[in-house]
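Novice: Here you go, one structure.
The values are calculated or read from the model by the stated rules, or taken from the named source; none is laboratory data. As the structure is a prediction and not an experimental result, all values here were calculated from the model. In this analysis, Cβ positions are derived from the backbone assuming ideal geometry, glycine residues included, and neighbour counts consider all displayed protein chains. The area values use the complete protein model at the heavy-atom level, side chains included, leaving out ligands, DNA and RNA. Shrake-Rupley method; radii C 1.70, N 1.55, O 1.52, S 1.80 Å.
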Amino acid sequence: MSLPAELAEIAEDFNAMPENERLELLLEFSDNLPELPARYADADLERVEECQSPVFLTVEVAQDGDRTVGVFITAPREAPTTRGFAGVLTEGLHGLSAAEVLAVPDDFPSMLGLTRAVSPLRLRGMSAMLGRIKRRVALEVRA
Amino acid sequence: MSSEQPDYTQYAHPERLVSTEWVAQNLETPGVVIVESDEDVLLYETGHLPGAVKLDWHTELNDPVRRDYVDGAGLAALLSSKGISREDTIVIYGDRSNWWAAYALWVLSLFGHQDVRLMDGGRDKWVAEERELTRQKPQRQLTEYPVIERDDSTLRAFLPQVLNHLGQGPLIDVRSAPEYTGERTHMPDYPEEGALRGGHIPTAASVPWAKAVAADGTFLPRAELEAVYLDAAGLKAGDDVVTYCRIGERSSHTWFVLQHLLGFENVRNYDGSWTEWGNSVGVPVAVGPDAGELSTVGAAR
């Protein structure tokens with residue numbers, strides 16, 4: 001398992017900040033989470049049951065040589081932590097090859113240096129999102 | 001925006017509750033500190049009441065190693081760093097109908113902070129009324145909050161005390177119905193806080209926390225609260241009551257209702273709650289919708 005450059009960079013950015021400022025960076029990811037593309041407006045997306053707020057996600061795997069992955073997640077504004085996690089995963093995974101996404105370590109959330117600032121319990125929501133993304137990508141690749 | 005002020009004098013301790021309007025009028029009052037305490041650790045950063053200080057239950061009020069709260073020195077350091085004095089009026093509000101705000105209030109009460117109140121309706125009501133929010137963090141002067149030892153004997157119950165309480169006094173289980181019956185070992189949408197066994201503590205009455213609040217998250221009038229807790233759940237004046245949920249946050253909300261709004265004098269929150277009880281070896285458990293018998297009690301005493 002190896003960390004793709006995009007995710008490694010995000011993890012570095014978090015860890016480079018003093019612990020009490022890392023939430024500010026997470027807030028930026030939360031603020032900048034892209035809206036779902038219009039084609040998913042009425043789609044029946046996968047609910048991330050492990051998250052306490054209504055969070056839905058889906059992936060696209062292109063039929064190109066790399067099997068390029070698209071990641072789409074939506075979370076309400078009242079749940080900024082979850083939105084922040086979604087923003088990190090979208091920015092870090094979107095555009096990677098399927099093989100790269102599947103190789104992301106399951107404990108990536110623990111590499112962000114947020115365990116103390118956010119609490120381990122809250123970080124589990126991010127692990128759940130990552131797990132669901134990887135599972136969907138694996139299904140698409142096998143299909 | 002409604003300017004109508006609820007009549008808090010109907011409650012046993014009306015000084016424990018303030019309205020959003022009162023808070024709006026007192027944002028800059030010396031000696032009043034507004035505190036936000038949320039489930040979502042980032043919600044404060046997205047915008048909070050002007051001048052409000054953040055207090056996080058998970059990362060600040062808990063001991064980082066043991067499953068317990070900070071000690072007297074820890075709390076003194078924490079509140080001093082936030083610019084809160086022992087004499088200050090602390091007004092707490094938060095998300096999810098004030099669950100975590102009530103939890104923070106209860107923890108501060110363990111340390112005997114005299115004047116600590118809830119903002120009725122919590123963060124959602126303030127937002128719904130389109131009142132001001134800001135991302136600007138307050139610069140408060142550091143204080144010297146004294147080191148006060150936590151009193152765990154008056155407002156808090158531990159597992160052995162709950163075992164001894166069985167058959168002696170009422171318990172209120174404030175979790176959802178499927179958690180109470182044992183169909184679920186965790187709260188809907190909270191699978192990470194599960195337990196090995198499902199069900200409830202025998203003899204506990206099921207009164208989900210939400211029965212205490214109106215649609216806008218404010219507390220129900222006293223007469224309606226009495227209908228829920230006295231008439232339906234069978235509590236009687238003078239009862240020694242123990243409340244619990246899964247980790248003690250929703251039951252802090254109910255503790256607040258019983259202690260401060262209805263005026264019960266002996267209410268203890270069992271913060272170990274189901275994540276302790278449902279994982280403990282040998283303690284009695286009842287399943288299904290009935291409160292259950294005491295027959296199995298004693299095994300673990």
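Novice: Please turn the phi angles of segment B:16-23 into ³J(HN,Hα) values with the Karplus equation 6.51 cos²θ - 1.76 cosθ + 1.60 (θ = phi - 60°), one per residue in order, whole Hz, x for glycine and proline.
Specialist: So the J values, rounded to whole Hz, are 7, 10, 10, 8, 4, 5, 4, 5.
Novice: So, one more: When all protein chains stay in place, what accessible area (Å², nearest 10, 1.4 Å probe) is found for B:Lys236?
Specialist: Per-residue accessible area (B:Lys236): approximately 130 Å².
Novice: Could you compute how much accessible area chains B and A hide from each other, both sides summed, with a 1.4 Å probe? Nearest 100 Å² is fine.
Specialist: Counting both chains, the buried surface is close to 1800 Å².
Novice: Report ³J(HN,Hα) in whole Hz for each residue of segment A:42-48, in order, from the Karplus equation J = 6.51 cos²θ - 1.76 cosθ + 1.60 where θ = phi - 60°; Gly and Pro get x.
Specialist: With the stated coefficients, segment A:42-48 comes to 10, 6, 8, 8, 7, 7, 8 Hz.
Novice: At 7 Å along Cα-to-Cβ for each site, give me the label-to-label distance between B:Glu144 and B:Ala227 in nm.
Specialist: 5.4 nm
Novice: Suppose R0 equals 35 Å; then what is the FRET efficiency for B:Val281 and A:Asn32 from their Cβ-Cβ distance, rounded to the nearest 0.05?
Specialist: 0.15
Novice: With all protein chains present, how much of the accessible area of the protein assembly as shown (probe radius 1.4 Å) comes from carbon and sulfur, to the nearest whole percent?
Specialist: Of the solvent-accessible surface of the protein assembly as shown, carbon and sulfur hold 49 percent.
Novice: Helix B:99-110 sits at what angle to the longest principal axis of chain B, using alpha carbons and giving 0 to 90 degrees rounded to 10?
Specialist: Here the helix axis deviates by roughly 90 degrees.
Novice: Cross-link candidates for B:Lys125: which aspartates and glutamates have Cα within less than 19 Å, leaving aside residues fewer than 8 places away along the same chain?
Specialist: Cross-link targets: A:Glu78, B:Glu4, B:Asp7, B:Glu21, B:Glu36, B:Asp38, B:Glu39, B:Asp40, B:Glu45, B:Asp95, B:Asp216.
Novice: Run through the DSSP bridge list for the protein assembly as shown and note the antiparallel percent, rounded to the nearest 5.
Specialist: Antiparallel bridges make up about 35 percent of those DSSP assigns within the protein assembly as shown.
Novice: Rounded to the nearest angstrom and ordered from largest down, what semi-axes does the equivalent ellipsoid of segment B:72-191 get from its C-alpha gyration tensor (root of 5λ)?
Specialist: Values for segment B:72-191, descending: 31, 24, 12 Å.
Novice: If you place +1 on the Cβ of every Lys and Arg and -1 on the Cβ of every Asp and Glu, how big does the dipole about the Cα centre of the protein assembly as shown come out, in debye to the nearest 20?
Specialist: 880 debye
Novice: From Cα pairs below 8 angstrom and at least 6 apart in sequence, can you work out the relative contact order of chain B, rounded to a whole percent?
Specialist: It rounds to 20 percent for chain B.
Novice: Keeping all protein chains in position, work out how much accessible area B:Ser80 exposes to a 1.4 Å probe, and write it in Å² to the nearest 10.
Specialist: B:Ser80 exposes around 20 Å² with every protein chain in place.
Novice: Evaluate the relative contact order of segment B:156-293 (contact order divided by residue number), counting alpha-carbon pairs under 8 angstrom at least 6 apart; express in whole percent.
Specialist: Relative contact order, segment B:156-293: 34 percent.
Novice: At 1.4 Å probe size, with every protein chain present, just tell me what the per residue accessible area of chain A comes to in Å².
Specialist: Solvent-accessible surface per residue comes out at 47 Å².
Novice: Between rounded, prolate and oblate, where does chain A land on the alpha carbon gyration tensor, with a ≥ b ≥ c its root eigenvalues, rounded for a/c under 1.5, else prolate if a/b exceeds b/c?
Specialist: Oblate shape, in that a/c is at least 1.5 and b/c is the bigger or equal ratio.
Novice: Under a 1.4 Å probe, what is the accessible area of segment B:138-238 per residue, stated in Å²?
Specialist: Accessible area per residue, segment B:138-238: 49 Å².
Novice: Moving on. Which parts of segment B:12-57, residue by residue, lose 20 Å² or more of accessible area when the rest of the protein chains are there, as against the chain isolated (1.4 Å probe)?
Specialist: Flagged in segment B:12-57: B:Glu39, B:Asp40, B:Val41, B:Leu42, B:Leu43, B:Glu45, B:Thr46.
Novice: Assuming 0.36 nm per residue, please report the length gained on full extension of the stretch A:Ala5 to A:Arg124 beyond their Cα-Cα distance.
Specialist: Roughly 40.6 nm would be gained on extension.
Novice: Considering only protein heavy atoms, with the full assembly of protein chains and a 1.4 angstrom probe, order B:Arg96, A:Arg116 by accessible area, largest first.
Specialist: A:Arg116, B:Arg96
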